[in-house]
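Data first, discussion second: the structure below is written as structure tokens.
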Amino acid sequence: MNQPTITRLEQNTDVYAFDKVNILLVADGKKPAGKLEMFSAKWGEDEPAKSIDKTVLHEIQTILRGLNLYWIVETQTHEVQPGSFLEQTDIFIARDQETLDTLVAAHNADDNLVLGDLYGFPATAVQAFLNDTLLPMDEMPVCLDGITDEHLAFLQHRLSRDNWRDEVQYLPEYAASVKR
């Protein structure tokens, strides 16, 4: 990967850490696609709707271009309380146009099976989400043999009741990829 571009991403204060991880994992081929979310204000702020700064979007697109990624930007406005609006900008990313098109179509169709696969989630975790057989939050593991709390920080999906031990085994690889 392009180190100057990675450094530029790391230093960008407008991109959430979670989104930086997704960008790096997609660029490194660890997951097929991802979605970044940006908001014009914090949820619940009593400010009128404002747009995401275009220079911020341009900088993110420059980073994505530097990592040879494909992207589509979609913006929508939400009324969070009567008379109070929030602009949300989603940036869908992938390593190729076909995957990007599939991602956007799955998002627009609310196809969680395809989205889970494109986001790189284990198939058993996606099925548990669809079948409502997720591990309860109060039973989530804190630490496992070979999987540290640092690794668990890379967990971006809920775990299934039956297969959660297998569903975290990729986390050390994700952590190593992002730390490079």
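Things worth noting here:
- If you filter region 1-42 down to residues that are part of a loop (DSSP other than H, G, I, E, B) and free of Cβ contacts under 8 Å to residues at least 40 places away in the same chain, you find that the one that is surrounded by the fewest Cβ atoms within 10 Å (Cβ to Cβ) is 13.
Residue-wise test of (1) surrounded by 13 or more Cβ atoms within 10 Å (Cβ to Cβ); (2) assigned to a helix (DSSP H, G or I); (3) of a type in the set (Asp, Glu); (4) free of Cβ contacts under 8 Å to residues at least 24 places away in the same chain.
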| site | (1), (2), (3), (4) |
| --- | --- |
| 77 | no, no, no, no |
| 92 | yes, no, no, no |
| 101 | yes, yes, yes, yes |
| 105 | no, yes, no, yes |
| 115 | yes, yes, no, yes |
| 125 | yes, yes, no, no |
| 129 | yes, yes, no, no |
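- Against the conditions (1) in a helix (DSSP H, G or I); (2) within 25 Å of residue 27 (Cβ to Cβ); (3) in contact (Cβ under 8 Å) with a residue 40 or more places away in the chain, residue 120 satisfies every one except (1).
Where a number appears in this text, it was derived from the coordinates with a stated rule and is not lab data. Just so you know, these numbers come straight off a predicted model, no measurement behind them. Note: ideal-geometry Cβ built from the backbone for every residue, glycine included; neighbour counts use all protein chains shown.
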